[in-house]
Amino acid sequence: MSISLDNTTRSYELFKRAQEVVAGGVTSIVRGPSAGWLPYPPVIQRGDGSHLYDVDENEYIDYVMGHGPLILGHRPKNVTQAVAQAILDYGNMFALPYEMERVVAEKIRDRFPSMELLKFNNSGSEATHCAVRMARALTGRNKIIKFEGQYHGWTDAVEYSYQPALKDLGPRTAPRTIPAAAGTPMEFAQFVLTQPWNDADLLRKTLRDHRHEIAAIITEPIMANSGVIPPAPGYLKFLREITREYDILLIFDEVITGLRAARGGAQELYDVKPDITVLAKALGAGFPVAAYGGSRAVMDAVARDEILHAGTYNANVVAMAATNATLDELDKPGTYENLERLSAKLAHGIQEIFARANIPVQAQRVGSFFQTYFSPKPIREYRDAAQYADVQKFRRFQQLLRARGVLLYPNPLGRWFLSTAHTNADIEATLNAVEDAAQDL
Ligand SMILES: Cc1ncc(COP(=O)(O)O)c(C=O)c1O
């Protein structure tokens, strides 16, 4: 299969038309030319399992997977049917409680025992915002610590120092907090201290200097927004201990890792319980849903309405029916073992191909997500990624794969996502395409 710009004419036409009415032609910054979809993105006609089809009938093995939610692939039958049936049987929203909400909450708690009580939202950004606000309310302190290169959504509470230019970061021992979005008042940045990840000594010093100002540390327990960076051995346990020592809340943003790193997320995999957990993405297998929660003690003020939680669409029937069915699907025997086996086969296979081709590549993986950095060194924090990951080579690789029917997100600091719909045949075909691409590179 070979895809060139010659057979994307219909995508071009439709993208141009969209730009006349949809600002920029896309409705998220990661979907357009500025995110690397050059010179214009493929316009999608349909998805089916592990495959995507664009409007020019080009077929791709998809590893974008909606940026993580599609853990069961496109249009998973049981989830789609459950959603349709729930709407037909009940309706799609009530603005009043109903039983399925409790049933889903119980299933989440079964996987994440640290979430004794939880609340639902519609997106990860809302849920991380709620988590940070809750930490501030509970501690009476305003500042949070977040890590360079991590992403917790697009709100003014957390969108700082997400993939800035290396030269703007400031000294490693005293990083600058850089608002990622124009329109965020510079004054807000004073409420966020940024730190390089995976550096216990530096964090210990920062906490010593700011101990009475910090409400919480928010972290992805496995960095999945500057490629994929696992925690250094013992690092998450260190975060748990030092936050207890200083009476600061530990928030795990498991929006990506939650249902992917293991059945019970990174907190199960690394055996570390945070105070607050945030889930989204794979929770609803592509239907919009999110949740945050923690121990009874932590959630008490929210439960008693002393901390605001609102949202017209929270826990709507579509979100709950999707989550209910998704969690049941994921609990079928062998699901995580199969995902692990296929993901390992692909990531190892790619690593071997590039080793044979003498091109330095780091395939860094946890569970069903990984990134291939064109870097001579392992990547342990954002500054490594910004310094060593070869942007041009990754972009070229992405284009070569796309021309061979394998779709990756073009950001060199993105990731590959697998789903239960990917098959051995998909992995073999992908490895063949990578072999070809490696020759061309
Ligand atoms: C770790 C993490 N947290 C939060 C978010 C925000 O979630 P959403 O896009 O659903 O608002 C994302 C989105 O990519 C994420 O990766």
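The values are calculated or read from the model by the stated rules, or taken from the named source; none is laboratory data. Note that the structure is a prediction, hence the values are computed from the model and not measured. Methodologically, a virtual Cβ is constructed for each residue, glycine included, from the backbone with ideal geometry; neighbour enumeration extends over all protein chains shown. Side chains are part of the model used for accessible areas, which takes the heavy atoms of the whole protein and leaves out ligands, DNA and RNA. Shrake-Rupley method; radii C 1.70, N 1.55, O 1.52, S 1.80 Å.
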In the stretch 78-330 the accessible area split gives carbon plus sulfur, as whole percent at 1.4 Å, a share of 53
Under-5 Å amide H pairs with SER419, H placed in peptide plane, nonlocal only:
none
Rounded to the nearest 500, the 222 nm mean residue ellipticity computed for the chain from DSSP H runs (n ≥ 4, each -39500 (n - 2.57)) alone is -11500 deg cm²/dmol
Name the long-range amide H neighbours of SER50: under 5 Å, sequence gap of 5 or more, or other chain; modelled H, no Pro or chain starts.
HIS74
Cross-link partners among lysines for LYS16, C-alpha distance below 20 Å, same-chain residues fewer than 8 apart left out?
none
Given the whole protein assembly as supplied and a 1.4 Å probe, what does the accessible area of LYS119 come to in Å², nearest 10?
60
Could you state how much accessible area ILE44 has, in square angstrom rounded to the nearest 10, with a 1.4 Å probe and all protein chains kept in place?
80
Students often forget the sequence filter, so: which lysines lie under 28 Å Cα-Cα from LYS107 once same-chain residues fewer than 8 apart are removed?
LYS77, LYS119, LYS237, LYS273, LYS281, LYS332
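At a Förster distance of 35 Å, what's the computed FRET efficiency of LYS345 paired with ALA174, Cβ-Cβ distance as r, to 0.05? Please list the in-between numbers first.
Details: r = 43 Å, r/R0 = 1.23.
The value I calculate is 0.20.
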Mean accessible area per residue over the chain (1.4 angstrom probe, all protein chains present, square angstrom) is 43
Can you tell me the Rg and the Dmax, both Å, for the Cα atoms in the chain?
21.4, 62
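Could you tell me what percent of the DSSP beta bridges with both partners in the stretch 78-330 are antiparallel, to the nearest 5? Let's see the in-between values first.
Details: 11 of 26 bridges.
Bridges in the stretch 78-330 that DSSP calls antiparallel: roughly 40 percent.
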Going by accessible area, probe 1.4 Å, with all protein chains left in place, what is the ranking of LYS146, LYS237, LYS77, LYS167, largest first?
LYS167, LYS77, LYS237, LYS146
Say R0 is 35 Å: what FRET efficiency, to the nearest 0.05, do ARG208 and ALA181 get from their beta-carbon distance?
0.65
Within the chain, the percent of DSSP beta bridges that are antiparallel, given to the nearest 5, stands at 60
Once normalised by the length of the stretch 30-162, the mean sequence separation of its alpha carbon contacts under 8 Å that are 6 or more apart gives a contact order in percent of 11
